[in-house]
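Below: one structure, written as structure tokens.
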Amino acid sequence: MKCAKDIHETILWPDLTPGCEIYEGGTSALTKTGEWRVVTPKWLQDKCKQCVLCAPFCPDSSIPVRDGRRTDFDYDHCKGCGICAQVCPFSAIEWKED
Ligand code: SF4
Ligand code: SF4
């Protein structure tokens, strides 16, 4: 059985799993979904009230929270969907095209 780490750009087709299926969990950390992003959110720390509302709304868990406080975006995995900017009640997330 192949692990997700064994399926990459240089693998030969006979070595792929049927349908490129992956048979294990917790593999999203291996995929840098940030490469898909065309718009990048920017955290405006001076406006942020640390309500931490943005973090649970992020579908990619790309707003790390440590000791009850949000920290800067995980740009390796933020897909730029814009949900965090929409839900922030204090306009503390700037939203503009790269
Ligand atoms: S929702 Fe806005 S104010 Fe609240 S923690 Fe996130 S960025 Fe800061
Ligand atoms: S733009 Fe989307 S993926 Fe990126 S941090 Fe905000 S909610 Fe998460």
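Remarks
- Computed per residue of the chain from DSSP H runs no shorter than four, each worth -39500 (n - 2.57), the mean residue ellipticity at 222 nm is -1500 deg cm²/dmol.
- Of GLY68, GLY19, GLY80, the one that fluctuates the most in a GNM where the chain has Cα springs shorter than 10 Å: GLY19
- Per principal axis, descending, Cα span of the chain in whole Å: 53, 30, 16
- 22 Å Cα-Cα reach of LYS5 towards lysines, excluding residues that sit fewer than 8 places from it in its own chain: LYS32, LYS79
- Local electrostatic count at ASP15 - Lys and Arg +1, Asp and Glu -1, tallied over other residues with Cβ under 10 Å: 0
- Near ARG66: Cβ cut-off under 14 Å, other residues only, Lys/Arg at +1 and Asp/Glu at -1. The net charge is -1.
Coordinate-derived values only; no laboratory data. Everything numeric here is computed off the predicted structure, so don't read it as measured data. Methodologically, a virtual Cβ is constructed for each residue, glycine included, from the backbone with ideal geometry; neighbour enumeration extends over all protein chains shown.
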